[in-house]
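What follows is one structure encoded as structure tokens, with my remarks underneath.
What follows draws every value from the coordinates through simple rules; no lab data is involved. Quantities reported herein were computed from a predicted structural model and do not represent experimental measurements. Cβ atoms come from the backbone with ideal geometry, glycine included; neighbour counts cover every protein chain shown.
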Amino acid sequence: MEVERQWKYLAEFLGTALLVFFAVGSACFGKAELGALGIGLVFGLTLYGLAYAFTPISGCHVNPAVTVAQLVVGRISVPDAVGYIVAQVLGGIAGAALIHAVAGAGGIALQVQGANGYGHPKYVGAGGAFVLEIILTFMLVFVVFRATGPSAGAAIGLTLGVVNLVGIPLDGASANPARSIGPALWDGSHAIGQLWLFIIAPLIGGILAALVARLFAPVVDPYAPAAGD
């Protein structure tokens, strides 16, 4: 049964908001306690759960890089792609707002703002971050395109966890423009000034992943019913 557009967009908004609140929130509230390993685990497990909840509704892109990649290879229409991306960006902003709402209501000082960055004393320079984000997003989107069957959510979630384990010490790990936009708006002018990199590089990485994924034979879902069933 075809899902109406408004429910797809709502799913993308809600999914992205929850991803940012739980995953980025784990860094904002508990970076010292969790470390990169714990934060990466939260990112992966959050997407793992969201994939099973929202894939039947919208495909659970929750990431403009995934949506643009799907658009490039013709898996989504232009109107739907625009609707998805708007919903994802608004969801990222809402998720970041919820982090600050919880912190404000509870009188909690955030350990970090959750924004991505480059050139800080602890982060790589702009060139390194640009290449890194292309690679991280390529890895994530390639798995999104190739993973099938009931285990797809686990594979994609695990990949996002690995992406964050590698990227967090280097630039905070984005691989998702919507994940970067929300926290940057709350962090202020410095993060906003660097936001371009965490929009452009993931989109490039996602497009490259989609094009490379098409070079391989189409994925056959081993759990799909056979013809005539």
Subject >> Tail fraction, Cα-Cα pairs, segment 24-63, threshold 15 Å, whole percent >> reply: 46
Original post:
If only Cα atoms are counted, what is the Rg of segment 1-101, and what is its Dmax, in Å?
Top reply: 14.2, 46
Original post:
By the scheme Lys and Arg +1, Asp and Glu -1, what is the net charge of all other residues having a beta-carbon under 14 Å from that of I85?
Top reply: +1
**OP:** Quick one: order S26, S77 by neighbouring beta-carbon count within 10 Å, fewest to most.
**Re:** S77, S26
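Per residue and in Å³, how big is the convex hull formed by the alpha-carbon atoms of segment 122-162?
Convex hull volume per residue, Cα atoms: 48 Å³.
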Original post:
By how many degrees, between 0 and 90 and to the nearest 10, does the Cα long axis of helix 152-171 differ from the longest principal axis of the chain?
Top reply: 30
**OP:** Go ahead and set up a Gaussian network model of the chain, Cα springs under 10 Å, then flag whichever of G91, G40, G188 fluctuates most.
**Re:** G188
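I'm checking a number: the convex hull volume of the Cα atoms of the chain, normalised per residue, in Å³. What is it? Walk me through the intermediate numbers first.
Numbers: hull volume 27.8 nm³, N = 229.
Per-residue hull volume (Cα only) is 121 Å³.
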Original post:
Taking the alpha carbon gyration tensor of segment 96-153, what are the square roots of 5 times its eigenvalues, largest first, to the nearest whole Å?
Top reply: 30, 23, 7
**OP:** Return a whole-number percent for the relative contact order of the chain, with Cα pairs under 8 Å and 6 or more residues apart as the contact set.
**Re:** 29
**OP:** For the chain, give the magnitude of the charge dipole about the Cα centre (Cβ charges: +1 Lys/Arg, -1 Asp/Glu; no others), in debye to the nearest 20.
**Re:** 240
Subject >> Neighbour-count order for F145, F13, fewest beta carbons within 10 angstrom listed first >> reply: F145, F13
Subject >> Mean ellipticity per residue at 222 nm, deg cm²/dmol - from DSSP H runs of n ≥ 4 across the chain, formula -39500 (n - 2.57) >> reply: -24000 deg cm²/dmol
Subject >> Dipole of the chain [Lys/Arg +1, Asp/Glu -1 at C-beta], most positive-end residue of A17, G74, L41 >> reply: L41
Original post:
Arranged by the count of other C-beta atoms within 10 angstrom, fewest first, what order do K8, K122, K31 take?
Top reply: K122, K31, K8
